[in-house]
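The values are calculated or read from the model by the stated rules, or taken from the named source; none is laboratory data. No experiment lies behind these values; they were computed from the predicted model shown. A quick note on method: Cβ atoms are made from the backbone with ideal geometry, for glycine too, and the neighbour counts reach across all protein chains shown. Accessible surface areas use protein heavy atoms only, side chains included; no ligands, DNA or RNA. Shrake-Rupley method; radii C 1.70, N 1.55, O 1.52, S 1.80 Å.
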Amino acid sequence: MREFIIENLASEGTVDLLTIVINNIVAITASFFIMFVYKITYSGPAYSRKFNVTLGAITITTTMIMAIISNNIALSLGMVGALSIIRFRTAVKDVRDAAFIFWAIAIGIGCGVSQYALVGVGSVFLFLFLLFTKQSVTSGQQLLIIQGKPEAQNEIEHTVNTHFHEKAHLTIKNSATDSCELVYKIRENTLKKANEKQKIDISQRLMKLEGVSRVNLVEQQDDISR
């Protein structure tokens, strides 16, 4: 038993050049697929091309690591120790970004051990899942913030209710002697349809009212305004 363990730890398994080339070709193809899916399913103001390219790099790098350690237990243990001391301090801006990172790593592992069918089928199912759930992710909230004079408050409320057919929810109303502020919560789809139906943007319509000094639209996602 001891000799078996020593033999496996000391063995230097090699992967032929053709397998390495095929693994990397599949990994590159899969990485471009991940980048494409990330681009068409991503929604938000913080889209980063650098992060998208990094997903492809993670896939190829993971494939290379798996090719190195797949046939050598000693290298596998050494790699685990080396990776355990690495600290990644870059903040993930969107929780979905973490899923794409794991997807890239999973594809890299699959390509590194030549499991092409598993990589292909799994990626297709994950792509379909992200595509079908895109609408629920992108249907965020918009905050309509209106500032003006107190005497314009009634006209502002009437204009907003008319524009959105009572579908805008008033969440905050601040009033002072010389100013007022109204904050409405509106669904993104409702905002888009109302602007198209009225043939004028709500911001432009409100700015035409006498007494309105400022109109802001703020995107709200995951209960955090950005």
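Go through the stretch 106-199 and tell me which helices (runs of 4 or more DSSP H), entirely inside it, have 3 or more residues that are more than 27 Å from Tyr38 (Cβ to Cβ) and either open to solvent by 40 Å² or more (accessible area, probe 1.4 Å) or at pLDDT below 85 (or both). Break it down into steps so the answer makes sense when it comes.
Working: elements: 116-132, 134-138, 153-164, 188-198.
Filter on the stretch 106-199 gives 153-164, 188-198.
Identify all residues within the stretch 200-212 that are polar (S, T, N, Q) and loosely packed, with under 12 Cβ neighbours inside 10 Å; write none if there are none.
Our first condition is that a residue be polar (S, T, N, Q); within the stretch 200-212, this holds for 203-204.
The answer is Gln204, and nothing else.
For every residue, the table says whether it meets (1) over 15 Å from Leu217 (Cα atoms); (2) more than 30 Å from the chain's Cα centre (by Cα).
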position	(1), (2)
Gln147	no, yes
Glu157	yes, yes
Glu166	yes, yes
Thr171	no, no
Ser175	yes, yes
Leu182	no, yes
Ala194	no, no
Lys199	yes, yes
